[in-house]
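Participant: Sharing a structure with you now.
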Amino acid sequence: MNPSPGAALRAKLNERRGLLVPGCGNALAARLIETLCFEAVYLSGAGITNSFYGIPDLGFMHLGDVVQHTAAVRDAVQLPLIVDADTGFGNALNVRQTVRALERAGANAIQLEDQVMPKKCGHFAGKGVIDASEMAGKIRAAADARTSNDFLLIARTDARAVHGLDDALERAQCYAEAGADVTFVEAPTSIGELERIAQLSLPQVVNVVIGGKTPALAASDFARMGFGMVLYANAALQGAVRGMTNALSQLQQQGILDEDPALVATFAERQALVRKDLFDELGRNYGR
């Protein structure tokens, strides 16, 4: 019998081989990630906020947005699905409801962070964090709320930018003791800091933000350090923005845009990605 997606994800992270996980902001990007044979997908809060609302990652996303996108991604792919749940959208009681809703929607893991509300992108300036004891209570509430032990809890701390690395490391250990399955020290700024983080007791996440604060090393380098996950939360989004800019710029300048593979996917590629052939077959089976 094959393990559940959550159990498979836990096993992969426990190998500490730098599991490379791209993020998505919608189901289409998730489908592409699966098509390219990645082993897991991350539903990014920044990705949802930027692509769904067209605004910065400054705490505007709400639980309903995340549940809707989680269900859509779950329907589109079979990969283990990690969902960015920001701060849990409130206190420990709100976290309890967040876990219940996202587990029902199809998440296999969620990420919770210890920022004050409204949160900010982890690589923005001016962040604040709640007391470690309050975050520990949120993690205990999350652990009690899940119905499956294969639903993983990733506890992120943003304390590195606020109180320094030592405090962030202490928080990560505190969150592990509260019931987190994975911990995540956001926005380290040097290889030396990364090496210290990788030595923590639980599997660790490193978030490589393109243009952000953390050194962008090869996944193999992070694997040698012992990281469980190498997250590129918004690589697909940034690539899509560049692709849209290039294609639309040519359209504006030349007044025409054909199937130039350097600029656009073909019509056939687009239909293949959304599995139109499956729907054609279903239609024939149902007499339409």
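Participant: Taking the stated definitions as given, is ASP84 among the acidic types (Asp, Glu), buried (at least 22 other Cβ atoms within 10 Å of the Cβ), out of contact with any strand residue (DSSP E or B) (no Cβ under 6 Å at 6 or more places or on another chain) and farther than 17 Å from ARG275 by Cβ? It would help to see each step written out before you state the result.
Facilitator: Details: among the acidic types (Asp, Glu): yes; buried (at least 22 other Cβ atoms within 10 Å of the Cβ): yes; out of contact with any strand residue (DSSP E or B) (no Cβ under 6 Å at 6 or more places or on another chain): no; farther than 17 Å from ARG275 by Cβ: yes.
Considered against the rule, which asks whether it is among the acidic types (Asp, Glu), buried (at least 22 other Cβ atoms within 10 Å of the Cβ), out of contact with any strand residue (DSSP E or B) (no Cβ under 6 Å at 6 or more places or on another chain) and farther than 17 Å from ARG275 by Cβ, ASP84 comes out as no.
Participant: Just name the residue that is surrounded by the most Cβ atoms within 10 Å (Cβ to Cβ) out of those in segment 124-141 that are of a type outside the set (A, V, I, L, M, F, W, C) and in contact with a strand residue (DSSP E or B) (Cβ under 8 Å, 6 or more places away or on another chain).
Facilitator: LYS138
Participant: Take segment 233-288 and flag every residue that is touching a Phe, Trp or Tyr at 6+ places or on another chain (Cβ under 9 Å) and either assigned by TED's automatic domain parsing to the domain that holds ILE154 or among the aliphatic types (A, V, I, L, M) (or both). Steps first, answer last, please.
Facilitator: First pass over segment 233-288, keeping only residues touching a Phe, Trp or Tyr at 6+ places or on another chain (Cβ under 9 Å): 233, 259.
If the condition is that a residue be touching a Phe, Trp or Tyr at 6+ places or on another chain (Cβ under 9 Å) and either assigned by TED's automatic domain parsing to the domain that holds ILE154 or among the aliphatic types (A, V, I, L, M) (or both), then ALA233 is the only one that fits.
The values are calculated or read from the model by the stated rules, or taken from the named source; none is laboratory data. This structure is a prediction, so every number in the text was calculated from the model and none was measured. Here Cβ is always computed from backbone atoms with ideal geometry, including for glycine, and neighbour counts include all displayed protein chains.
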